[in-house]
Amino acid sequence: YNPGMKLAITEYNFGNGSGITAGLAQAEALAIFGREGVDLATRFGNFRAGTPIEDAFKMYLDYDGKGSRLDGTSVLAASSNVNAVGAYSIEGASGELYVLLFNKDTIARKTAIAANRSLHETPEVYRFTAEQRLGAVEAAVEPTEEGVSLLLPARSATLLVWK
């Protein structure tokens, strides 16, 4: 027990970085680091441009290609099947809601999102897959009684932004 001690994770690596599984692992690790309050994390080795690893970092640091980044406080998010779909959320200082969904499965998964705030406005949706670099996508976000639902492609990382 050491109050005030910082938490660091050093020299982690999720494979060669050229495949989608490495990119999804990196993206979800960053979400977990934020949720758990990691103060410093150091990825071992460099990664090439144009890979899913680069997309994983851009999802947090420049998701729209205009410098927008995830910044705020981690808030409760839960998945009913964490082995297939990871779910994380961040509340921004100006009231934005960011929801990160990682479909690690080899099949598409329908997901439902509920929140303790209104989700009636259509969110911006950003995604990367093995076939598609990180960018805005036209995703069918459907309203439900409790929030919204959408289909997550197999092995994909999806960011929903409510401003």
What is the Cα centroid distance between the stretch 67-130 and the stretch 1-64, reported in whole angstrom? 17 Å
For the chain (alpha-carbon point model, no solvent) the Debye-based log₁₀ I(q)/I(0) at q = 0.08, 0.11, 0.15, 0.20 Å⁻¹ works out to -0.23, -0.43, -0.80, -1.42
Enumerate the lysines that Lys104 could reach by cross-link, defined here as Cα to Cα under 29 Å, with residues fewer than 8 away along the same chain left out. Lys58, Lys66, Lys163
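Check each of the chymotrypsin sites (Phe, Trp or Tyr not before Pro) in the stretch 1-87 and keep only those in coil by DSSP with at most 14 other C-beta atoms within 10 angstrom; list them in order. Please list the in-between numbers first.
Working: sites: Tyr1, Tyr12, Phe14, Phe33, Phe44, Phe47, Phe57, Tyr60, Tyr63; in loops: Tyr1, Phe14, Phe44, Phe47, Tyr63.
Answer by residue number: Tyr1, Phe44.
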Give me the percent of the accessible area of the chain that comes from carbon and sulfur atoms, probe 1.4 Å, all protein chains in place. 50 percent
For the stretch 33-163, report the accessible area per residue in Å² (1.4 Å probe, heavy atoms, rounded to an integer). 56 Å²
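For the chain, what is the mean residue ellipticity at 222 nm derived from helices alone (per DSSP H run of n ≥ 4: -39500 (n - 2.57); sum divided by total residues; nearest 500 deg cm²/dmol)?
-5500 deg cm²/dmol
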Ignoring everything but the protein chains, give the 1.4 Å probe accessible area of Lys6 in square angstrom, nearest 10. 150 Å²
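The values are calculated or read from the model by the stated rules, or taken from the named source; none is laboratory data. Predicted model only: the values in this text are computed from it and were never measured. When we count neighbours, we look across all protein chains shown, and the Cβ atoms used for this are built from the backbone with ideal geometry, even at glycine. Note: accessible area is taken over every heavy atom of the protein model, side chains too, but ligands, DNA and RNA are not part of it. Shrake-Rupley method; radii C 1.70, N 1.55, O 1.52, S 1.80 Å.
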